[in-house]
Amino acid sequence: MSSAFPAELQPQSKPRARAAWDVYAVVAAGGTLGSLLRYGASLAWPGPLSTLLVNVIGCVAIGVLMHVITELVVAHRLVRPFLGVGVLGGFTTFSTYVVDALHLVLDHQPALALAYLVGTVLSCLLAVLVGVLAARSVARLFGRGDR
């Protein structure tokens, strides 16, 4: 069967990469640590405020981390999977955020649920930006940033 797209635009099949078990292991270890930290936060401050706080803190941290490992240092190849995907991925939580909003709806507070849903996303996006800008500013103070 011929394609409507020229040959140079057709997807090329790539050989399947071998499993990187060391990456899986560091993601699992980091995820365990991050999940334990999130669980501790939920015990200290139960409810939607805890989830919002954890997600915002995690987003600031991911902003800092990504700036540091992409702009300032040459990081070991397992740093990003361990810290970014594992620890911070386990620490932040989309599922709990949605369940918290659902509980607000079931408690007959749909406007608050909607504000929580939208406010969390906007807060987290802003938090990533704040993390990147803070890391960039600190790097400049120490003569490491040139942007």
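The values are calculated or read from the model by the stated rules, or taken from the named source; none is laboratory data. Keep in mind it's a predicted model, so treat the numbers as computed, not measured. Because the Cβ atoms are built from the backbone with ideal geometry, glycine has one as well, and the counts that use them run over all protein chains shown. The protein model used for the area step is the full one, side chains on, heavy atoms only, and it has no ligands, DNA or RNA in it. Shrake-Rupley method; radii C 1.70, N 1.55, O 1.52, S 1.80 Å.
Looking at the chain, I'd like the Rg to Rh ratio, where Rg is from alpha-carbon atoms and Rh is Kirkwood's inverse mean 1/r. Before the final figure, lay out the partial values.
Numbers: Rg = 19.9 Å, Rh = 17.9 Å.
Checking Rg against Rh, the ratio lands at 1.11.
By average Cβ neighbour count within 10 Å, what is the ranking of 83-96, 115-128 from highest down?
Working: 83-96: 19.4, 115-128: 15.6.
Top of the packing list down: 83-96, 115-128.
Given Cα pairs under 8 Å that are at least 6 residues apart, what percent is the relative contact order of the chain?
Details: 145 pairs, mean separation 49.5, N = 147.
Computed over the chain, the figure is 34 percent.
Could you do me a favour and compute the accessible area per residue for the chain, 1.4 Å probe, result in Å²?
Each residue of the chain exposes 69 Å² on average to a 1.4 Å probe.
Calculate what fraction, in whole %, of the accessible area of region 38-114 sits on carbon and sulfur atoms when a 1.4 Å probe is rolled over the protein chains.
Values: 3300 of 4450 Å².
Ligands and nucleic acids excluded, carbon and sulfur reach 74 percent.
Angle, helix 21-44 long axis vs. longest principal axis of the chain, Cα atoms, 0 to 90°, nearest 10?
Compared with the principal axis, the helix lies near 10 degrees.
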